[in-house]
Amino acid sequence: MSIQAVSIGKVQCGPGQPLLWIAGPCVIESHDLTLRIAERLRELADCLDLPLVFKASFDKANRTSGKSFRGPGLQAGLRTLEAVKNHTGLSVTTDIHENAQAAAVAEVCDLLQVPAFLARQTDLIQAAGRTGRAVNVKKGQFMAPWDMRHVVTKMAEVGNSRLLLTERGASFGYGQLVSDMRSIPWMQDLGCPVIFDATHSVQMPGAAGDRSAGDRRMIPYLARAAVACGCDGIFLETHPRPDEALSDGPNMIALDDMPALVRCCLRLREALSESK
């Protein structure tokens, strides 16, 4: 099945398009910090001519502990994301967890993201699809790549073909994920551009007792491997000081380390294009 490029605000993702970058902090920790991170990413996008979508969550509903920081909530979070969009000109995305959130989020965001734990929630996927916005569904850690065909079908049932699929690792025993790079071409066979989430793939769910751990040293290895395997985009969560982040710090890349990794991935992408 041929892959159709997907438009996301001002950028495109898919065959014949530059490598898409979806990047930002795990969660909106504060309005000002989120804007500062977005400004840095805007500068990087301008410097390297990157199609970049800014990502930050208004609510981290899938936390290990009920006491963990979750974010500012829907209304305050959307105000921050709208400010990012207006101030930087970047397209923006965020997670939705409930059907009722889809319409409100679609008024601000160019791309709606369905978290991996919710990848089989038919009503949620179709609520996102009915907004007409582009939708990114992360493959569940418990799902085979070919099972994402059901997501494609559910979106088609509501008349939306603007779908990205994201690989973010599969459960491998307790507290570990493994990334099978064959997932990239297998999911592309479903007719959708495929994003590789290089930061959640290094997560160690629940490994820190009341929160998840991770090994950010592995992020560059996995990102480079995914580009070599032909992914259409890379998802990276980033923070100025990951060790001080309020959510998913162990598996976020430091903002200062992003440019080198991006440049390396672009060189790999260029080499692959030259070899065809």
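Observations, loosely collected:
- Qualifying positions in the stretch 218-274 - among the aromatic types (Phe, Trp, Tyr) and part of a helix (DSSP H, G or I): 221
- Pick from the stretch 143-202, criterion acidic (Asp, Glu) and part of a strand (DSSP E or B), ranking: nearest to residue 26 (Cα to Cα): 197
- Among residues of the stretch 214-246, those that are aromatic (Phe, Trp, Tyr) and surrounded by fewer than 24 Cβ atoms within 10 Å (Cβ to Cβ), counted: 1
- Test: residue in the stretch 188-205 that is free of Cβ contacts under 8 Å to residues at least 12 places away in the same chain, more than 15 Å from the chain's Cα centre (by Cα) and open to solvent by 10 Å² or more (accessible area, probe 1.4 Å): no
- Taken over the stretch 91-133, the criterion of being outside any helix (DSSP H, G or I), more than 15 Å from the chain's Cα centre (by Cα) and under 21 Å from residue 24 (Cβ atoms) is satisfied by 107, 108, 131, 133.
- Qualifying positions in the stretch 15-50 - over 29 Å from residue 75 (Cβ atoms) and within 15 Å of the chain's Cα centre (by Cα): 19
- Selection within the stretch 2-51 - in contact (Cβ under 8 Å) with a residue 12 or more places away in the chain and at positive phi: 9, 14, 24, 49
- Residue count, the stretch 58-90 (criterion: of a type outside the set (A, V, I, L, M, F, W, C), assigned to a loop (DSSP other than H, G, I, E, B) and more than 20 Å from residue 134 (Cβ to Cβ)): 13
- Residue under evaluation residue 254, criteria (1) open to solvent by 30 Å² or more (accessible area, probe 1.4 Å); (2) over 22 Å from residue 5 (Cα atoms); (3) among the small types (Gly, Ala, Ser), criterion not met: (1)
- Odd one out for residue 113, checked against (1) surrounded by 19 or more Cβ atoms within 10 Å (Cβ to Cβ); (2) without any contact (Cβ under 8 Å) to a residue 40 or more places away in the chain: (2)
The values are calculated or read from the model by the stated rules, or taken from the named source; none is laboratory data. Remember, it's a predicted structure, so these values are computed and weren't measured experimentally. As a convention, Cβ positions derive from the backbone with ideal geometry for all residues, glycine included, and neighbour counts pool all protein chains shown. Protein only, heavy atoms only, side chains kept; ligands, DNA and RNA dropped before computing areas. Shrake-Rupley method; radii C 1.70, N 1.55, O 1.52, S 1.80 Å.
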